[in-house]
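The values are calculated or read from the model by the stated rules, or taken from the named source; none is laboratory data. The structure displayed is predicted, hence computed values, not measured ones. Every residue, glycine as well, gets a Cβ built from its backbone with ideal geometry; the counts of neighbours run over all protein chains shown.
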Amino acid sequence: MFHGLIDAIREKLSRLQLWSIAYVHSGANQCAEAIARSVTRDQRYASYVGKDGPSWLLPMIHADAVRADNGY
């Protein structure tokens, strides 16, 4: 079912010199999940995280950093 998507991702990644994929439990990276939900729900197709992202995101970034430091 996802073969076409996987092939497209592999083709894009082959253009990069250095890349990696790592599985992270969703509880350890709530920021990424919240951003993905916001992007799809609100149709935010341009990046708004790169500089001065949304105010609701900052506390979540700090919480994820604390969890990462604690080995979550």
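General observations
- Inter-residue pairs, beta-carbon under 6 Å, first under 21 Å from Ala65 (Cα atoms) and in the range 29-48, second modelled with pLDDT under 85 and of a type in the set (S, T, N, Q), 6+ apart: Glu33/Ser26
- Cross-chain or 6+ apart pairs with Cβ under 7 Å, the range 1-26 first and among the small types (Gly, Ala, Ser), then surrounded by 10 or more Cβ atoms within 10 Å (Cβ to Cβ): Ser26/Glu33
- Residue check for Arg37: at negative phi, modelled with pLDDT of 80 or more, out of contact with any strand residue (DSSP E or B) (no Cβ under 8 Å at 6 or more places or on another chain) and not in a loop (DSSP other than H, G, I, E, B): yes
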